[in-house]
Amino acid sequence: QVLIKVEDLYKVYNNRLHALDGVSEEIRKGEVVVIVGPSGSGKSTFLRSLNLLEMPTKGHVYFEGVDITSKETDIDLHRRKMGMVFQHFNLFPHKTILENITLAPIKLLKKSKEEAQENAMELLKLVGLEEKANTYPSRLSGGQKQRIAIIRSLAMDPEVMLFDEPTSALDPEMVGEVLELMKKLAHDGMTMVVVTHEMGFAKEVASRVIFMDEGKIKEQGTPEEFFDNP
Ligand code: ADP
Ligand code: ADP
């Protein structure tokens, strides 16, 4: 079952740089797709095109069969089904961890405060950070902040999670705890698209690896096909 389909995607910056140069791809439900490639090859642009954080210059993006690049489509309605995690955690600094997690479910999903908080506490337990509920982001380590950013996305019940170099800004000793959480999500069947330089994660967790270069998908395959081919 295809969840996201992109068709002949182009992204041109400054009228010349082809950050995406004709990319077509399908993401199926339950897949863990890892995108690798050199810096500047268009990985992040591709990822941000999936939820139209980046509007493609040309081409179409379909989410659950709906053309979300069409002007008639309410993007917000679809975008909230795609959780996104960035290199920098983007937590609201003046809100507590619990408020950070419950804000969007209350505002956008119209959940009651009680229900949103109950769900948030369950998610906090999942990552072992329930005692941090009433503290502020500045009191957390980078690894803790990133795990909070991930469960904040999960609180919106997304159909897919998009990760843009989620461990690149972390101190090395904190990378493991974030990757562990991502592995857990993958094992629970979450559909994931991950831009990362963590080849160990790609080998172990990916159902498919995509290699990008110069705005194009140059190669793809299972981790076995991908890493065993010299
Ligand atoms: P990657 O994620 O593989 O490092 P990006 O998708 O971030 O690559 O970038 C692809 C190319 O597009 C790079 O050359 C980058 O400098 C350029 N680019 C990305 N965002 C912008 C932007 N907002 N304006 C101009 N050029 C951009
Ligand atoms: P990432 O490491 O997540 O790919 P970058 O550091 O490449 O991000 O880019 C950070 C921000 O700067 C992004 O919003 C990107 O669109 C923008 N950007 C990247 N390259 C350029 C560029 N050449 N000109 C203008 N903006 C750019």
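Laid out as a table, the results:
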| read-out | value |
| --- | --- |
| Given (1) crowded, with 21+ Cβ neighbours inside 10 Å; (2) over 28 Å from Lys125 (Cα atoms); (3) out of contact with any Gly (no Cβ under 7 Å at 6 or more places or on another chain), number of the condition Gly215 does not satisfy | (3) |
| Total residues in the stretch 51-68, condition farther than 16 Å from Glu159 by Cβ and away from ligand 1 (no atom under 14 Å from the Cβ) | 4 |
| The stretch 129-143 residues that are under 18 Å from Thr167 (Cα atoms) and crowded, with 17+ Cβ neighbours inside 10 Å, paired with ones that are at pLDDT 95 or above and basic (Lys, Arg) (beta carbon under 7 Å, 6 or more apart) | Pro137/Lys145; Leu140/Lys132 |
| Considering residues of the stretch 202-230 that are among the aromatic types (Phe, Trp, Tyr) and touching a strand residue (DSSP E or B) at 6+ places or on another chain (Cβ under 7 Å) only, the residue nearest to Leu20 (Cα to Cα) | Phe211 |
| Answer residue from the stretch 149-201, given it is touching a helix residue (DSSP H, G or I) at 6+ places or on another chain (Cβ under 9 Å), of a type outside the set (Phe, Trp, Tyr) and part of a strand (DSSP E or B) and is surrounded by the most Cβ atoms within 10 Å (Cβ to Cβ) among those | Val194 |
| Residues of the stretch 8-20 classified as on the phi < 0 side of the Ramachandran plot and either surrounded by fewer than 17 Cβ atoms within 10 Å (Cβ to Cβ) or at pLDDT below 95 (or both), total | 6 |
| Residues of the stretch 148-166 classified as under 23 Å from Val36 (Cβ atoms) and over 12 Å from the mean Cα position of the chain (by Cα), total | 0 |
| Out of Arg48, Arg28, sole residue that is touching a residue at least 24 places away in the same chain (Cβ under 8 Å), within 28 Å of Lys184 (Cα to Cα) and more than 15 Å from ligand 1 (Cβ to nearest atom) | Arg28 |
| Pairs with Cβ under 9 Å, 6+ apart, first in the stretch 66-80 and among the hydroxyl-bearing types (Ser, Thr, Tyr), second part of a loop (DSSP other than H, G, I, E, B) and surrounded by 17 or more Cβ atoms within 10 Å (Cβ to Cβ) | Thr69/Leu52; Thr69/Pro56 |
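The values are calculated or read from the model by the stated rules, or taken from the named source; none is laboratory data. What you see is a predicted model, and the numbers here were worked out from it, not measured in a lab. In this analysis, Cβ positions are derived from the backbone assuming ideal geometry, glycine residues included, and neighbour counts consider all displayed protein chains.
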